[in-house]
Amino acid sequence: MDRQELREKAMKLPLTPGVYIMKNKKDEIIYIGKAKALKNRVSQYFGSQKSHTEKVRQMVCNVDHFDYILCSSEFEALVLECSLIKQHKPKYNILLKDDKGYSYIRVTNDKWRRLSFSMQKADDGAEYLGPYMSAWYARNAVDCALKVFGLPDCNKSFPRDCGKGRPCLNYYIKQCCAPCSGKVSLKDYSERVDSAVEFLKKGDSDSVRIMTEQMNAAAENLDFELAARLRDRISAVKKITEKQQVVAANIPEQDIICMMTEGSDASFAVLRFNGGRLYDKEDFLIKDIGKDAEPAFARAEFLKRYYTMRENIPPVITIDECPEDEELLIGWLSELRGRKVRFVYPKKGEQQKILDMCRRNAAERLAQSRGHLGHELSALDELAGLLGLSSPPEFIESYDISNLMGCENVAGMVVFRNGRPYKSSYRRFAIKGFAGQDDYASMNEVLTRRFEEYFKNKDSNEGFGRLPDLILLDGGKGQVSAVRPVLLKFGLDIPLFGMVKDGKHRTRAITDEGREISITSKRQAFTLVSTIQDEVHRFAIGYHRTARKKRSLSSALTDIEGIGPERAKALLSYFKTIKRIQEAETEELLQVNSMTRPAAEAVYRHFHRTENVSGDGGGEYENGGKNDNENS
């Protein structure tokens, strides 16, 4: 069927809840969705494509026909949708790879036993601890055990490599006993491994109790060396336990979920708590979710897919923002669990701190996939929340004016892409519309010229041909008020704010025309805005100084007969410095555009007045014999 036929069929659907199933020409299911009113929802796909994301447009292009199933309620449609997606895994639904498998901790069976993480249990004679449902937990447990008991995590083989090299850094920071040094006995090493295995099998509290009993027994037997070693291990276990207690929640069982987006990609992080302690962490990277996809819709889709993969559903799910169909999702999750489930959206306190940690994990995963740093995406997300933006700004343009008492009036424009300076898009402006000092009029002129260039180059989607997601002006409400009419004139809806400084020229707040937004409490956003403000100020000041220097040099040349501003500019453009002009011969000067021979000879004479012109070596000078070398 073509799109018109599909729309006609969709318009005949009833206005009742149900599930619709999109299929391609091969009769393969490519998308499954639910609807409160089937007619309204399905017909949207085959109407105007302007409001659709790129992913939806691609899906619609591949639809040949569709089926539907009527349901008695929207809740029933949600349950059926999740069940069908789990069975068929359609191409255009959000799909999460469930790579949850059993993990193990491997203890080798040779004399110098080694501990490591393993995804499989092999028949190799080694001892395997587990299975563990969480690979993240198993990896962390091995890492803790190696550090606490000073066991090696390198690739060296013992006793083959004992005494054959210097210990690595881990020895010097007291995280390895360094059997490679040849100074550790097999007995001492075996004791450490036994304690580590006990720690992994019984946990920190039982491990501490057993080692305490061993330490007391060693002290009674006057084996003070062994007692001291056990004391140090007990101390190390307690320290690492205290460190882990920092990542604890006052709610015994809950999941923490955060989403970060950049462009058309999204990253979800899930922190899972049980008994008030973090026991698992999962990351999901979803490609091509759609740049214009609604965050609430994306969160709802993730929750549906995630909890169809998990058997254990906690009573509390903490989310960074509200998902679409919140009440339906709560009802569905409560039915799966068999008891009430609730969503929490913390704004302060311990839960907010854990949510921030989850957000950083999501940002780091997304940043790694795109070659960025996680803290940059976190800062952009924080800034978007402060300013009420629908998504983190990918491109930020910032402007500053620089002049000296109205002279050499210039402006600088810097661009930050994904939280980093994007120097290829930096631009400089010389103010041309008026003379004198007027920062408001200067800002108006600069932004007018910038957006005039946009409409000339918008097909390129590069440089001036691309619109920013956010504009930050170095200044307060006056600068914002001066630029707002420019955006209205061109019909552009771009978030616009000013960056306000305190008395010591440090960033204090962000402002629009009606309010100031303090950013000092949001550390990452504060650092980003401060960096942008410092960078645009530096760039504008640098251009101003360059302009003043060129004017000064140009003035030195315009004192020469026959050299006006245009020829002076051409000379400096060609030779770059006054010194090179001074050293140039007449024929070299003639290579410059617009230079005539009389003008070139005048420049040459100006810089060579001190030379002997009589030819007899008698020391006769031009200009009455005076050495006039002021301008050299």
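Filtered by the rule that a residue be in contact with a helix residue (DSSP H, G or I) (Cβ under 9 Å, 6 or more places away or on another chain), over 30 Å from Thr308 (Cβ atoms) and of a type in the set (Val, Ile, Thr), the range 98-149 gives Val107, Val142, Val148.
Looking at the range 182-197 only, could you name the residues that are farther than 16 Å from Asp153 by Cβ and not charged (D, E, K, R)? Break it down stepwise before answering.
Taking the range 182-197 and keeping what is farther than 16 Å from Asp153 by Cβ, we get 182-183, 185-188, 190-191, 194-195.
If the condition is that a residue be farther than 16 Å from Asp153 by Cβ and not charged (D, E, K, R), then Gly182, Ser185, Leu186, Ser190, Ser195 are the ones that fit.
Determine, yes or no, whether Leu285 is under 22 Å from the mean Cα position of the chain (by Cα) and not β-branched (Val, Ile, Thr). It is true that Leu285 is under 22 Å from the mean Cα position of the chain (by Cα) and not β-branched (Val, Ile, Thr). For first residues located in the range 554-583 and under 19 Å from Arg597 (Cβ atoms) and part of a loop (DSSP other than H, G, I, E, B), partners that are modelled with pLDDT of 80 or more and among the small types (Gly, Ala, Ser) and lie 6+ apart or on another chain with Cβ distances below 8 Å form the pairs Ile560/Ala602; Glu561/Ala602; Gly562/Ala599; Gly562/Ala602; Ile563/Ala599; Ile563/Ala602. Only a single criterion out of (1) touching a Phe, Trp or Tyr at 6+ places or on another chain (Cβ under 9 Å); (2) of a type in the set (Gly, Ala, Ser); (3) part of a loop (DSSP other than H, G, I, E, B) is not satisfied by Ala141, namely (3).
Return yes when Phe199 is aromatic (Phe, Trp, Tyr), in a helix (DSSP H, G or I) and assigned by TED's automatic domain parsing to the domain that holds Ser116 and no when it is not. Answer is yes for this residue. For the range 57-100, a residue qualifies if it is within 30 Å of the chain's Cα centre (by Cα) and assigned to a helix (DSSP H, G or I), and the qualifying residues are Arg57, Gln58, Met59. When Ser207, Ser181, Ser235, Ser190 are checked against the criterion of being in the same structural domain as Glu127 (by TED's automatic domain parsing) and either among the aliphatic types (A, V, I, L, M) or without any contact (Cβ under 8 Å) to a residue 12 or more places away in the chain (or both), a single residue qualifies: Ser235.
Check the range 43-56 and report whether any residue there is buried (at least 20 other Cβ atoms within 10 Å of the Cβ) and under 39 Å from the mean Cα position of the chain (by Cα).
Yes, there is a match, as at least one residue in the range 43-56 is buried (at least 20 other Cβ atoms within 10 Å of the Cβ) and under 39 Å from the mean Cα position of the chain (by Cα).
How do the strands (runs of 3 or more DSSP E) wholly within the range 269-345 filter down when requiring 1 or more residues that are within 22 Å of Tyr137 (Cα to Cα): which remain? Quick ask: steps written out before the conclusion?
Working: elements: 277-286, 316-319, 342-344.
It comes to 277-286, 316-319.
Tallying residues that are crowded, with 16+ Cβ neighbours inside 10 Å and in contact with a helix residue (DSSP H, G or I) (Cβ under 7 Å, 6 or more places away or on another chain) within the range 309-330 yields 8. Just to verify a result, which residue in the range 473-519, among those that are in contact with a Phe, Trp or Tyr (Cβ under 6 Å, 6 or more places away or on another chain) and not in a helix (DSSP H, G or I), is surrounded by the most Cβ atoms within 10 Å (Cβ to Cβ)? Only one residue fits best here, namely Leu473.
Glu408 - would you say it is modelled with pLDDT under 80, closer than 25 Å to Asp534 by Cβ and not assigned by TED's automatic domain parsing to the domain that holds Asp512? Write out each step before concluding.
Details: modelled with pLDDT under 80: yes; closer than 25 Å to Asp534 by Cβ: yes; not assigned by TED's automatic domain parsing to the domain that holds Asp512: no.
When the stated conditions are applied, Glu408 does not pass them.
Within the range 446-472, if we keep just the residues that are acidic (Asp, Glu) and under 28 Å from the mean Cα position of the chain (by Cα), the residue that is surrounded by the fewest Cβ atoms within 10 Å (Cβ to Cβ) turns out to be Asp459.
Pairing residues of the range 438-455 that are among the polar types (S, T, N, Q) with residues that are surrounded by fewer than 20 Cβ atoms within 10 Å (Cβ to Cβ) and not in a helix (DSSP H, G or I), at Cβ distances under 9 Å and at least 6 apart in sequence or on separate chains, gives Ser442/Gly433; Ser442/Phe434; Asn444/Gly433; Thr448/Gly433.
The values are calculated or read from the model by the stated rules, or taken from the named source; none is laboratory data. The model shown is predicted, which means the values in this text are computed figures rather than measured ones. When we count neighbours, we look across all protein chains shown, and the Cβ atoms used for this are built from the backbone with ideal geometry, even at glycine.
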